[in-house]
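One structure below.
The values are calculated or read from the model by the stated rules, or taken from the named source; none is laboratory data. All of these numbers come straight from a predicted model, not from anything done at the bench. Because the Cβ atoms are built from the backbone with ideal geometry, glycine has one as well, and the counts that use them run over all protein chains shown. To get the accessible areas, we keep the full protein, side chains included, count just its heavy atoms, and leave off ligands, DNA and RNA. Shrake-Rupley method; radii C 1.70, N 1.55, O 1.52, S 1.80 Å.
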Amino acid sequence: MQGSTRRMGVMTDVHRRFLQLLMTHGVLEEWDVKRLQRHCYKVHDRNATVDKLEDFINNINSVLESLYIEIKRGVTEDDGRPIYALVNLATTSISKMATDFAENELDLFRKALELIIDSETGFASSTNILNLVDQLKGKKMRKKEAEQVLQKFVQNKWLIEKEGEFTLHGRAILEMEQYIRETYPDAVKICNICHSLLIQGQSCETCGIRMHLPCVAKYFQSNAEPRCPHCNDYWPHEIPEVFDPEKQREAGISKSNKKSLRSRQH
Amino acid sequence: MPRGQKSKLRAREKRRQAREEPEPLMDAQATARVGIEFSSSSSAHFSSAIQSSTAPKTTSNPHGPQRATSTTTTAAAVSYLRSNESINNQTEERPRSSQALAANEHMTRSPVDEKVFILVHYLLYKYQMKELIIKAAMLRDIVQIPRRYFSEILRKVSDHLEMVFGLDLKEVDPDRHIYFLINKLVPTYDAKLSDDRRVPRTGLLMTILGVIFTNGNCATEEQIWQVLNVMGLYEGRRHFIFGEPKKIITQDFVRENYLQYQQVPNSDPPRYQFLWGPRAHVETTKMKVLEFLAKIHDTVPSAFPTWYEEALKDEEERAQARLAARARIKAVANARSQAILSRFSHP
């Protein structure tokens, strides 16, 4: 394969096992990824020093490049936790294969996705999604069934549910950002700071620009008088804290127990 | 999966009007991404299915016009990505630049390379689904190539899977050309018991070890039977594979040191409980048992956070123990060699 002579990285069993496990998990938080990395070293190369995670992943990605796959890093939109997922970069005819989701289930996701993208807050209410079941392609789906399908999406980390409303999981954003930007170019919102897709965030009440919560946190860090980067008007929202991995681990906060940080501040 | 033509056309129209680019370019949509599916089977190629319904599908034929248009589209994508790069955000930069690099490679990708990586993705999908891989299905649905090139391409695919993912492509049926992917890096559970007669019992033993582990490392006999009953194993009823289960779990496995069977302290009338036997601790680990459990439930070990934590701690403790043991052995060896040396230098 043309890429093989240019391949920079070296794959050992440590890297392979890491890749296998990451593939199985789908998406992992950074501290889990670090644990996974240490586990793979322990099992397959006990004597080696553990590479810095960034180098480790870059090494693997340089090998994956020729296969149009990548380990992608992103941050969760609500509290800036770094996450990793194995993402496919190219089109293939795999889409021709049957998937385990029925046509009407996929259409339900698409409807939810559109509602989420069109919404001001990045959340679509369960009610609004369920009201669209009559419009779904494929076999007729009852609302009760649709509720279960939505839960399936949550379990598989495509959607997040908070108080009866749904938004995109960080994994879905990592996987589908490009697709979303191309398919809904008018409706998508973009963060003024990092310029990537924005589903949840804060917006300036004067000029309307939007920023991710973690981007707000970083941009306004230790700034007593936060002002909009675009129109310089006073930034009216609460500035969240920058994500600190050490602090979070000590506090042992679990995702489900955390108070909803969703910002309804648009 | 057939997609409504109307919705495809509508989507295409919408995009064309928005972008004001000629139709053929949008047809290629080489930048529409297909997601590789993960963990539980119900997420199989989920995002790919989502994306394929509104974007026109690419065929696996890379020749001629498609390649030309994909070049142009990806060039557009590259410039789009570059223009959006921000200095502030470092986390997104790396993935974007590698995506741009991948897009560039689109232009120089050979037809053979394309078949190879399509098949790699397909086989990874089959591996996740734990499904057999059938040559006829590959040739019919995934890549259309002349049969005489198939083995060469499959060999390259197999090399990639082995080199990058540590997966071995095994031919299970040479006549019908049916294959299966196995994990080279994790020995099968059956490797523990080489005796053919006892191979089915590994599954039973792992299940019981799992029940014990997930019940705080000690399970009552009632708890064990609850699980075995679901599997169709009942006390006193002879099973056509396993035989009489009570005998196996309370006598055979105990005698072989895989399980400990003891009376629950102060129980009257006497009740019994199971713990891992010393041989179980040696031949397997909590993590392996959790992985086994996860597989049965079609999920992953980290889906059970408490047990996963415990299993990880167990791994670390074992690693520490191994290091300590090795250090001890080294120390003893050093001491011995010192002793020998001193004896020689002081005749």
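Evaluate the charge dipole of segment A:92-182 about its Cα centre and quote only its size in Debye, nearest 20, assuming +1 on the Cβ of each Lys and Arg and -1 on the Cβ of each Asp and Glu.
The dipole of segment A:92-182 has a size of about 360 debye.
Quick check on packing: order A:122-132, B:173-183 by the mean number of other C-beta atoms within 10 Å, highest mean leading.
A:122-132, B:173-183
If R₀ is 60 angstrom, what is the calculated FRET efficiency for the pair B:Q144 and B:R343, using the beta carbon separation as r and rounding to 0.05?
The value I calculate is 0.20.
Using the Cα centre of segment A:11-66 as the reference point, and only Cβ charges (+1 on K/R, -1 on D/E), how large is the resulting charge dipole? Debye, rounded to the nearest 20.
300 debye
So which of A:K157/B:K286; A:K72/B:K295; B:K126/B:K247; A:K152/A:K247; B:K184/B:K313; A:K34/B:K288 end up more than 28 Å apart, counting from Cα to Cα?
B:K126/B:K247; A:K152/A:K247
Tell me the trypsin sites (Lys or Arg not before Pro) within segment B:106-171 that lie in a loop according to DSSP and have at most 16 other beta-carbon atoms within 10 Å.
Passing both the DSSP loop test and the Cβ count: B:K130.
Could you calculate the FRET efficiency of A:K162 with B:C218 from 1/(1 + (r/R0)^6), where r is the beta carbon distance between them and R0 is 56 Å, rounded to 0.05?
0.90
Let me know the mean shielding of B:161-174 by other chains, meaning the per-residue number of their Cβ atoms within 10 Å of its Cβ.
Rounded to a whole number, the mean comes out at 3.
What order do you get for A:228-241, A:74-87, B:244-257 when each peptide is scored by the mean count of other beta carbon atoms within 10 Å, highest first?
Ranked by mean Cβ neighbours within 10 Å, highest first: A:74-87, B:244-257, A:228-241.
Can you give me the span-like helices of chain A, meaning DSSP H runs with 15 Å or more of Cα extent along the axis and Kyte-Doolittle mean at or above -1.0?
What comes out of the filter, once short or polar helices are dropped, is A:13-25, A:53-64, A:103-118, A:143-155, A:170-183.
At 7 Å along Cα-to-Cβ for each site, give me the label-to-label distance between A:D134 and B:T285 in nm.
5.7 nm
In deg cm²/dmol and to the nearest 500, what is the mean residue ellipticity at 222 nm of chain A if only DSSP H runs of at least 4 residues count, each as -39500 (n - 2.57), divided by the residue total?
When only DSSP H runs of four or more count, the value is -11500 deg cm²/dmol.
Which of rounded, prolate or oblate describes chain A when judged by the alpha-carbon gyration tensor and an a/c cut-off of 1.5?
Taking the square roots of the gyration eigenvalues as a ≥ b ≥ c, chain A is oblate.
Over the whole of A:163-172, what's the average partner chain Cβ count within 10 Å per residue? Rounded to a whole number, please.
Mean shielding count: 1.
Over the whole of A:45-51, what's the average partner chain Cβ count within 10 Å per residue? Rounded to a whole number, please.
1
Taking the Cα centre of segment A:188-244 as the origin, how large is its charge dipole in debye, to the nearest 20, when only Lys and Arg (+1) and Asp and Glu (-1) carry charge on their Cβ atoms?
In total the dipole reaches around 260 debye.
Can you tell me how segment A:188-244 classifies by the Cα gyration tensor, rounded, prolate or oblate, using a/c under 1.5 as the rounded cut?
The shape class here is oblate.
Report the calculated FRET efficiency for A:V188 and A:C231 (r = Cβ-Cβ distance, R0 = 25 Å), to the nearest 0.05.
After rounding, the FRET efficiency stands at 0.70.
What percentage of the solvent-accessible surface of segment A:103-211, computed with a 1.4 Å probe over protein heavy atoms, is contributed by carbon and sulfur atoms?
Percent of accessible area from carbon and sulfur atoms in segment A:103-211: 46.
List the chymotrypsin sites (Phe, Trp or Tyr not before Pro) within segment A:132-190 that fall in a DSSP loop (any state other than H, G, I, E or B) and whose Cβ has at most 11 other Cβ atoms within 10 Å.
Nothing satisfies the criteria.
Under the classification rounded if a/c is under 1.5, otherwise prolate if a/b is larger than b/c and oblate if not, where does segment B:297-344 fall, given a ≥ b ≥ c as square roots of the Cα gyration tensor eigenvalues?
Taking the square roots of the gyration eigenvalues as a ≥ b ≥ c, segment B:297-344 is prolate.
Just subtract the alpha-carbon distance of B:V332 and B:S110 from 0.36 nm times their residue separation and send over the number in nm, one decimal.
Extra length from B:V332 to B:S110 when fully extended: 74.0 nm.
Roughly how much accessible area, to the nearest 100 Å², goes out of reach of solvent when A and B pair up, both sides summed, probe 1.4 Å?
8400 Å²
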